Amino acid sequence: MPNAKPPHAQPPHHWLRSQHSPLGQIRQRARQLAMLTRQLQQDALPDSLRGKWQVARLDAQELVLVADSSLWASQLRYLGRRLQDAAEAYTGIRPARVSIKIAEQRQAPPEQREKLSAEAARTLRQAAEGFEDARLRRALLHLARRADRSPKD
């Protein structure tokens, strides 16, 4: 039987659904934190802060929130006592302190400009010669010059 699975092999969903597996425990904890985030956002804080942060950790020592920006983080810091009270009301755990972290902003990679071929530049120059409108002619010549500045492969 070359295709037989070893007796301990299980499909991935088994490990995710099982609350006794490490992955299942992580998944369950993520659900609990998401639920606590929703409860705190809906009931404990102003609507203006809704959706701008999430709970990252809660234990007796600390409630950690991750805010989308420093603006939201500073507003959340002022509400620390209210957050402690609400966390205790929902979970029975009163954290000793509240920490606000700012989510790392991911920047989009710089746009890669398409390279202009020498033939395209030649066509633009020829087209520019055929126009009487000086502004259009200058614009076409400006585009054609980009081929001269394009990095060569």
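What follows is calculated from the coordinates using simple rules that are stated; it is not laboratory data. Just so we're clear, the structure is a prediction, and the values are computed from it rather than from any experiment. Note that we place each Cβ from the backbone using ideal geometry, even for glycine, and neighbour counts take in every protein chain shown.
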### Query
With a sphere of radius 12 Å drawn around the Cβ of R38, what net charge do the other residues whose Cβ falls strictly inside it have (Lys, Arg +1; Asp, Glu -1)?
+1
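How big is D for the stretch 19-153, in µm² s⁻¹ as a whole number, if Stokes-Einstein is applied with the Kirkwood radius of its Cα pairs at 20 °C and 1.002 mPa s? Show your work: numbers first, answer last.
On the way: Rh = 19.5 Å.
After rounding, the answer is 110 µm²/s.
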### Message
If I model a spin label as a point 7 Å beyond the Cα along the Cα-Cβ vector, how far apart are those points for A30 and I102 in nm?
### Response
2.7
### Task
Multiply the residue separation of R113 and R145 by 0.36 nm, subtract the distance between their alpha-carbon atoms, and state the gained length in nm to one decimal.
10.1 nm
### Summary
Phi angles of the stretch 37-54, converted by Karplus (6.51 cos²θ - 1.76 cosθ + 1.60, θ = phi - 60°) into ³J(HN,Hα) in whole Hz with x for Gly and Pro, give 4, 4, 4, 5, 5, 7, 10, 9, 10, x, 4, 4, 9, 4, x, 9, 7, 8
### Query
How much length is gained on full extension from D43 to I93, taking 0.36 nm per residue of separation minus their Cα-Cα distance?
16.3 nm
